[in-house]
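K.L.:
My questions will all concern the structure given below.
A short reminder: the numbers here are calculations on the coordinates, not readings from a lab. If you're wondering where the values come from, they're calculated on a predicted model, not measured in any experiment. Quick reminder, even Gly has a Cβ in these numbers, built from the backbone with ideal geometry, and neighbours come from all protein chains shown.
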Amino acid sequence: MKTNQKLIKKLSLLLIVILAVSFSCSDEKINLEQDVALVTDDAIADYYYEDTDDLAGLVLLADEGANTGGGAASSRTITIQDPRFMCSGVVITLVMDPQSSPDVPKGEVTIDFGQGCTDLQGNVRNGIIKVQFVGKRFVNGSRVTTQFVNYSINDIQLEGTRVLTNISGSTPEVPKFRIELTNGSARWPDGTSAQREHCYVRTWIRATNPLNDSMVVEQCENKDVAATGINRQGREYSMAIIEPIIYKRGCQLAVKGIKKFTDLKTGKVVQVNYGDGECDRIITLNVDGNSRPVVVSKKN
């Protein structure tokens with residue numbers, strides 16, 4: 001009888017250990033999924049916002065030499081030779097403000113992708129990007145404000161207001177902009193959404209061939225973090241840029257740089273490394289000294 005009791009006790013202890021290990025593995029899997037979700041949501045939204053800025057910048061650059069005089073408001077359409085615009089249905093319209101002048105051009109650009117525009121890389125854009133500008137693109141103090149009207153890319157809908165201001169020391173060869181996003185939101189097809197606000201400084205490295213341009217993004221001076229937000233799982237976080245984030249035109253994500261995410265409730269820190277410059281969809285997560293690669297899809 002005592003032998004049976006001892007056996008039952010040992011089996012009970014073994015079962016407790018097995019359950020503890022199982023729950024530990026389950027918790028680890030859940031935590032990993034949450035960490036992956038936090039950084040991939042940010043990576044996707046960040047790239048899509050950068051993409052809209054780049055589209056707007058190309059449009060303004062293409063019309064740089066056009067008449068910007070004052071008088072009655074004028075309207076014209078613009079054609080851009082960029083793979084993202086090479087699809088049927090996209091219409092780009094520029095309307096100059098009556099108060100516009102050659103020294104201080106002012107107006108609004110509407111980039112209308114209609115009901116669906118698939119670019120040469122398979123990205124699908126819908127809706128409208130509205131771009132208001134004041135001042136010449138490469139002159140200190142010029143400002144570009146971007147907003148969205150039912151705009152989505154790959155079924156992820158973007159909202160918010162992005163203001164790009166040309167900052168001192170900028171040059172046409174290497175222009176520099178302060179970028180502030182307010183009321184930012186990215187909504188996924190499943191109805192979940194992520195909110196964010198950020199302040200960046202972006203340096204535009206212009207190449208002889210615009211397709212080889214790159215963007216270097218750092219956080220604003222005198223800011224402890226580059227961004228704050230709430231991800232799709234409801235986790236409130238802050239993000240700091242540890243090493244400058246580099247984007248290349250045509251690449252689906254940043255290609256280099258390191259971000260640090262901090263869960264504002266638990267204090268947990270997750271770092272994401274975008275790699276060594278290769279144009280791929282692989283990022284590396286580092287949590288508590290443990291690193292693992294993650295492949296980020298367009299919609300994740």
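K.L.:
Could you tally the net charge around residue 219, taking each other residue with its Cβ under 15 Å from the Cβ of residue 219, Lys/Arg +1 and Asp/Glu -1? Present the calculation step by step, with values, prior to reporting the outcome.
P.N.:
On the way: positive: 176, 178, 196, 202, 223, 259, 260; negative: 42, 46, 50, 180, 197, 218, 221, 224, 243.
Net charge in that neighbourhood comes out at -2.
K.L.:
Convert 25 °C to kelvin, take the viscosity as 0.890 mPa s, use the Kirkwood radius over C-alpha pairs of the range 178-300 as Rh, and evaluate the Stokes-Einstein diffusion coefficient in µm²/s, rounded to a whole number.
P.N.:
Stokes-Einstein gives a translational diffusion coefficient of 158 µm²/s.
K.L.:
Still on this model: Could you pull the Rg and Dmax for the range 104-228, using just the Cα atoms, both in Å?
P.N.:
Cα only, the range 104-228: 15.7, 44 Å (Rg, Dmax).
K.L.:
Still on this model: Using 24 Å as the Cα-Cα cut-off, could you pick out the over-long pairs in 176/248; 136/259; 130/176; 223/259; 176/265; 176/223?
P.N.:
Values: 176/248 16 Å; 136/259 32 Å; 130/176 22 Å; 223/259 15 Å; 176/265 34 Å; 176/223 17 Å.
Going by Cα-Cα distance, 136/259; 176/265 fall outside the 24 Å limit.
K.L.:
Would you please name the GluC sites (Glu not before Pro) within the range 132-224 that are DSSP coil residues with at most 15 other C-beta atoms within 10 Å of their C-beta? Before the final figure, lay out the partial values.
P.N.:
Details: sites: 159, 173, 180, 197, 218, 221; in loops: 173, 221.
Qualifying residues, ordered by number: 173, 221.
K.L.:
Compute, for the range 2-295, the length of the dipole vector about the Cα centre, with Cβ point charges of +1 (Lys, Arg) and -1 (Asp, Glu) only. Units Debye, rounded to 20.
P.N.:
Numbers: 32 positive and 36 negative charges, 205 e Å.
Charge dipole, the range 2-295, about its Cα centre: 980 debye, nearest 20.
K.L.:
List the aspartates and glutamates whose Cα lies under 13 Å from the Cα of residue 268, skipping any in the same chain that are fewer than 8 positions away.
P.N.:
Here the aspartates and glutamates satisfying the reach criterion relative to residue 268 are 35, 236, 288.
K.L.:
Which three semi-axes in whole Å describe the equivalent ellipsoid of the range 2-295, each the square root of 5 times a Cα gyration tensor eigenvalue, listed largest first? Mind showing how you got there, number by number?
P.N.:
Values: eigenvalues 428, 76, 54 Å².
So the equivalent ellipsoid measures 46, 19, 16 Å along its semi-axes.
K.L.:
Ok, one more. Using 0.36 nm per residue, how much length does the chain from residue 99 to residue 150 gain when fully extended, once their Cα-Cα distance is taken away?
P.N.:
On the way: separation 51, 0.36 × 51 = 18.36 nm, distance 2.89 nm.
This chain segment gains 15.5 nm when fully extended.
K.L.:
For the pair residue 258/residue 203, report the inter-label distance in nm, with labels modelled 7 Å from Cα in the Cβ direction.
P.N.:
A separation of 1.9 nm, rounded to one decimal place.
K.L.:
Placing one identical point scatterer on every Cα of the range 121-194 and ignoring solvent, what is log10 I(q)/I(0) from the Debye formula at q = 0.12, 0.14, 0.17, 0.27 Å⁻¹?
P.N.:
The Debye formula, applied to the Cα set alone, gives -0.43, -0.55, -0.73, -1.11.
K.L.:
Still on this structure: For the peptides 247-256, 97-106, what is the packing order when you average, over each peptide's residues, the other Cβ atoms within 10 Å and list the highest mean first? Intermediate values should be presented prior to the final figure.
P.N.:
Numbers: 247-256: 19.5, 97-106: 15.1.
Those peptides, ordered most packed to least, come out 247-256, 97-106.
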